[in-house]
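Mind having a look at this structure? Questions to follow.
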Amino acid sequence: MITPTELPDKIAIFPLAGALLLPRSRLPLHIFEPRYLQMIKDALKTEERMIGMVQPNAVPGREGHGLHTIGCAGRITQFSETEDGRYMITLGGVSRFRVVSEIEGFTPYRRCEVKWEGFERDLGSEEADPGFSRKSFMELLGRYFEVRGLSADWATLKEAEDELLLNSLSMMLDFDPEDKQALLEAPSLQTRRETLVTLIEYALRGGRDEGLIQ
């Protein structure tokens, strides 16, 4: 397990809209753009093998590509290269971070100075959600999947631990990037579950915000 002192103060940034990584979760990625191929090559040369996933943050009326302040760092835990030079990797979520500033340099990808303070809980063991009612949540999730025409391995979902279930759904379900950011920034598993329920209820009501479960 990584300790706070082993976390780097500068990391490569992968700004990918809608791609959410959470601590103690896994995110598979298909890398094909030349600048990000170089990013992976450089990350694999470091002891941490770490990159930061950050949601882009478009600022109205301002040119350029902004970043949200909070992202999540992941360690490359699996790596394979295709015959045509693409990479298939898996990131294991380590900890959220706060962007301090972007580093000017000569790399084709973006790098940022980051701080880890305030996210010490991310480096610990799995979180619990004492108020989680799995039965009612699974019923709600079943309605959502039915309306969206989605299929699921319900046996696996029912057996998953609370954190794995809630974090996996937060990462996989098709929410807007700003909603994904809200799930990332949730200060606790309970808050993430409440946010997730609200988003699912909102989707079931066709985007109308009345009568949401809080």
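Which of the residues spanning region 78-98 are in contact (Cβ under 8 Å) with a residue 60 or more places away in the chain and either small (Gly, Ala, Ser) or farther than 19 Å from ARG24 by Cα (or both)?
Correct list: MET88, GLY92, GLY93, SER95.
Among the listed residues LYS158, LYS135, identify the single one that is under 23 Å from ARG26 (Cα atoms) and not in a loop (DSSP other than H, G, I, E, B).
Going through LYS158, LYS135 in turn, the sole match is LYS158.
Touching a Phe, Trp or Tyr at 6+ places or on another chain (Cβ under 8 Å), surrounded by fewer than 17 Cβ atoms within 10 Å (Cβ to Cβ) and closer than 26 Å to GLU178 by Cβ - does that describe any residue in region 56-78?
no
Could you please tell me which pairs satisfy a Cβ distance under 8 Å, a separation of 6+ or placement on different chains, a first residue in region 37-57 that is under 20 Å from GLY18 (Cα atoms) and in the same structural domain as LEU21 (by TED's automatic domain parsing), and a second residue that is in a helix (DSSP H, G or I) and of a type in the set (A, V, I, L, M, F, W, C)?
Listed pairs, sorted by first residue: MET50/ALA43; ILE51/MET39; ILE51/ILE40; ILE51/ALA43; GLN55/LEU184.
Right, another one. Does GLU185 satisfy the condition of being touching a residue at least 24 places away in the same chain (Cβ under 8 Å), under 27 Å from LEU29 (Cα atoms) and surrounded by fewer than 14 Cβ atoms within 10 Å (Cβ to Cβ)?
Taking the combined requirement at face value, the residue does not satisfy it.
So GLU163 ticks every box in (1) part of a helix (DSSP H, G or I); (2) without any contact (Cβ under 8 Å) to a residue 60 or more places away in the chain but one. Which box is left unticked?
(2)
Also, I was wondering about something else. Which of (1) touching a residue at least 40 places away in the same chain (Cβ under 8 Å); (2) part of a strand (DSSP E or B) is the odd one out, the single condition GLU126 does not satisfy?
Of the numbered conditions (1) touching a residue at least 40 places away in the same chain (Cβ under 8 Å); (2) part of a strand (DSSP E or B), the odd one out for GLU126 is (2).
Yes or no, residue by residue, for (1) surrounded by fewer than 16 Cβ atoms within 10 Å (Cβ to Cβ); (2) at pLDDT 95 or above; (3) touching a Leu at 6+ places or on another chain (Cβ under 8 Å):
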residue	(1), (2), (3)
ARG111	no, yes, no
LYS115	yes, yes, no
ARG121	yes, no, no
GLY124	yes, no, no
PRO130	yes, no, no
LYS135	yes, no, no
VAL147	yes, no, yes
LEU150	yes, no, no
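The values are calculated or read from the model by the stated rules, or taken from the named source; none is laboratory data. Everything quoted here is computed from the prediction, not taken from an experiment. With ideal geometry, Cβ positions are generated from the backbone for all residues, glycine too; neighbour counts draw on all protein chains shown.
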